[in-house]
Amino acid sequence: MKTMAGGSVANTIRGLSAGFGVSCGIIGACGNDEQGKLFVSNMSFNGVNLSRLRMKQGHTAQCVCMVDELGNRTMRPCLSSAVKVQADELTKEDFKGSKWLVLRYAIFNLEVIQAAIRTAKQEGLFVSLDLASFEMVRNFRSPLLQLLESGDIDLCFANQDEAMALLRGEQTTDPEVAAEFLAKHCNWAVVTLGADGCIARHGKEIVRVPAIGEAKATDATGAGDLFAGGFLYGLIKGLSLEECCKIGACSGGSVIRSLGGEVTPENWQWMYKQMQIKDLPLPDIRN
């Protein structure tokens, strides 16, 4: 058993900061307990700006990730007693100077998500939304569709299970159909397909990119989060849709090589090597 700092968005922006040298910060809350201290220490060490993180009396949110010998994982979060940032605590200052707001869909945080998107749009930010889990999509599909149909989501990430839950009743398991559906509402739409890579759409453009790295994952935890980080890095750098997907695949492939949602220094080096082989622009940060 291993205890690590994480969370979907935290994994994404820690990767963007530590592996790609992109300036990132967290808007959120953590408790004044051991887990909170671990989170603060780890994120600070990885260069994530914590000036917008609220420290509160109470418990820090936790999640149990169970991994089998094939690297498949299932997660059971414990959020009920955890501290969280409230919608009315968000200010314009939280978003000033940023280009992107990175969010994960969750019904428990719907009010905060809506408030964050509203303020982000007023401040001229792009918004990225990850669909979180097929259970979340299946059980709370209506509010998710409202979010997508609002036109405020610029980039959407879904894995194959989430995409299928979203297309419930469409009688299809074709990820291209899911990407097309998402692209109606978002500027960029990405459906990740595990060992089969990903499919992405931007306007009329559609690309399919294979996965990168070993077929056998040690632990799939964080694969989608780190894919999102690599893809966002590509967008920030003004790269093509295909290049964004390839960098996402390199980044996602790096985290599944060890346990947990944090990329080890050796696996960042592995990723840079893959990027070099594929003739992708390397971050200035690498050691």
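Each row is one residue, and each column tells you yes or no for (1) in a helix (DSSP H, G or I); (2) at negative phi; (3) of a type in the set (Phe, Trp, Tyr).
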site: 178; (1), (2), (3): yes, yes, no
site: 206; (1), (2), (3): no, yes, no
site: 214; (1), (2), (3): no, yes, no
site: 226; (1), (2), (3): yes, yes, no
site: 242; (1), (2), (3): yes, yes, no
site: 245; (1), (2), (3): yes, yes, no
site: 260; (1), (2), (3): no, no, no
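Per the conditions (1) of a type outside the set (Asp, Glu); (2) open to solvent by 30 Å² or more (accessible area, probe 1.4 Å); (3) in a helix (DSSP H, G or I), the sole criterion not satisfied by residue 201 is (3).
The residue pairs whose first member lies in the stretch 146-168 and is more than 13 Å from residue 135 (Cα to Cα) and open to solvent by 20 Å² or more (accessible area, probe 1.4 Å), whose second member is outside any loop (DSSP other than H, G, I, E, B) and among the basic types (Lys, Arg), and whose beta carbons are closer than 6 Å, counting only pairs six or more residues apart or on different chains, are 152/121.
Taking the stretch 81-107 as the range and being hydrophobic (A, V, I, L, M, F, W, C), closer than 14 Å to residue 124 by Cβ and over 17 Å from the mean Cα position of the chain (by Cα) as the test, only 95 passes.
Contact annotation: residue pairs with Cβ atoms under 6 Å, 6 or more positions apart or on different chains, pairing a residue in the stretch 254-265 that is open to solvent by 30 Å² or more (accessible area, probe 1.4 Å) and at pLDDT 95 or above with a partner that is among the hydroxyl-bearing types (Ser, Thr, Tyr) and assigned to a loop (DSSP other than H, G, I, E, B), are 264/258. Residues in the stretch 18-39 that are within 18 Å of residue 260 (Cα to Cα) and crowded, with 21+ Cβ neighbours inside 10 Å: 18, 19, 36, 39. If you go through the stretch 94-125 and keep only what is open to solvent by 30 Å² or more (accessible area, probe 1.4 Å) and touching a residue at least 40 places away in the same chain (Cβ under 8 Å), you end up with 98, 99, 100, 102, 104.
The selection criterion, being of a type outside the set (A, V, I, L, M, F, W, C) and under 17 Å from the mean Cα position of the chain (by Cα), holds for residue 229.
Taking the criterion of being in contact with a Gly (Cβ under 7 Å, 6 or more places away or on another chain) and assigned to a loop (DSSP other than H, G, I, E, B), the only residue of the stretch 12-49 that qualifies is 48.
Residues in the stretch 180-196 that are of a type in the set (Gly, Ala, Ser), farther than 16 Å from residue 210 by Cα and either part of a helix (DSSP H, G or I) or open to solvent by 20 Å² or more (accessible area, probe 1.4 Å) (or both): 183 only.
The values are calculated or read from the model by the stated rules, or taken from the named source; none is laboratory data. Since we're looking at a predicted model, the values are computed, not measured. We place every Cβ from the backbone using ideal geometry, glycine too, and count neighbours over all the protein chains shown. Please note that ligands, DNA and RNA were not included when accessible areas were found on the heavy atoms of the full protein model with its side chains. Shrake-Rupley method; radii C 1.70, N 1.55, O 1.52, S 1.80 Å.
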